[in-house]
Structures are given as C-alpha cells and as structure tokens.
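Comments concern the structure below.
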Amino acid sequence: MKKLIFLLVLALFSAVWAEARPVEKYGDLVVRIAEIEVYPKWLDAYLTAARTVGAESVAKEEGVICIFPMQMKEKPNIIRIIEIYRSEEAYKAHLQTPHFRTYKDGTPHMIKSLKLVPMSPLDAENMGLIFKKIK
C-alpha cells in the first residue's frame, strides 16, 4: 500500500509537471498525504467537498501543484488526499483561500479522523516523465 501511494504521488506530480512552470528548487516542495476517515452517513457530502476544493485549488492557486482526493475501493469512507505545494509559503497561502476555508469550516462534523503525513519525493527530477503516456 505504501508503495502504491508513493507511486501515485510521483505520478500525480508529473501529470501537472508538463503543464505547470517548473519548480526551481525541489527542496522547497511540500508533499503530504492526508489520511482521512469519514463517517459513512456524510460520505457523499464529504466527497463533493473534497472534489471541489481539490479542483478549485489547482485551478486558482499557482502554488498548488496537486490536490488529488481518492477513496479506498474496499472501504469507501477511507480517503487519501495527495497534496503537493511549491513551497511552505504556497501551502500557508492555500490555507487562507475562500475555497479551502469553505471546505475546512464545512467538513469537521463529517470527519472521524484526520492525519497529515509529510512525505519526501525520492526522485523529483524525473517526476515529469511518469505520466507521459496518459496524454
């Protein structure tokens, strides 16, 4: 499972790599995986909120490289979100946006548990090659 998540982080980063301006310093990237358990009765509402904040963040914020929510097939109320920001400053700016505030203020009652796991890309220089075949 950890290998799969790592590969997804690399793959997702590369998907936007070709379209976005290059990251100047790989060491500045903020990469994390949010591990979330949602109360089943709130799942549909939570999925809508997660999709919305992810799409708006990537579309509207230069410093947001990737916010990609996923759910486990076997346990659909278990959510993982891959987050990649250009820098700590970009992450902090993201936390202040209206779309993130709407998500953060509107979902606490839906979430049973939340853990943010900091990650480090092992091969940031080659991330841009991973999703070349998807186009």
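The values are calculated or read from the model by the stated rules, or taken from the named source; none is laboratory data. Predicted, not measured: the structure shown is a model, and the values here were computed from it. In this analysis, Cβ positions are derived from the backbone assuming ideal geometry, glycine residues included, and neighbour counts consider all displayed protein chains.
Looking at SER87 and the list (1) out of contact with any Asp or Glu (no Cβ under 9 Å at 6 or more places or on another chain); (2) under 27 Å from ALA124 (Cβ atoms), which single condition is not satisfied?
(1)
Applying the selection to segment 108-130, what residues are farther than 18 Å from ILE78 by Cα, in a helix (DSSP H, G or I) and not small (Gly, Ala, Ser)?
Answer for segment 108-130, where residues must be farther than 18 Å from ILE78 by Cα, in a helix (DSSP H, G or I) and not small (Gly, Ala, Ser): GLU125, ASN126, MET127, LEU129.
For segment 63-79, which positions are over 14 Å from ARG32 (Cα atoms) and without any contact (Cβ under 8 Å) to a residue 40 or more places away in the chain?
GLY63, GLN71, MET72, LYS73, GLU74, LYS75, PRO76
Return the residues of segment 73-86 that are under 14 Å from SER113 (Cβ atoms) and either under 15 Å from the mean Cα position of the chain (by Cα) or charged (D, E, K, R) (or both); say none if nothing qualifies.
Hits for segment 73-86 are LYS75, ILE78, ILE79, ARG80, ILE81.
Which one is surrounded by the fewest Cβ atoms within 10 Å (Cβ to Cβ) among residues in segment 45-68 that are in contact with a Gly (Cβ under 8 Å, 6 or more places away or on another chain) and within 19 Å of LEU29 (Cβ to Cβ)?
PHE68
Test each condition in (1) buried (at least 18 other Cβ atoms within 10 Å of the Cβ); (2) more than 15 Å from the chain's Cα centre (by Cα) for PRO108 and report the one that comes out false.
(1)
What is the one condition in (1) closer than 23 Å to LEU95 by Cα; (2) modelled with pLDDT of 95 or more; (3) out of contact with any helix residue (DSSP H, G or I) (no Cβ under 8 Å at 6 or more places or on another chain) that GLU74 does not satisfy?
Just one mismatch for GLU74, condition (1).
For the structure I just gave you, tell me whether TYR39 is at pLDDT 95 or above and either under 17 Å from MET119 (Cβ atoms) or surrounded by fewer than 17 Cβ atoms within 10 Å (Cβ to Cβ) (or both).
Judged against the criteria, TYR39 is a match.
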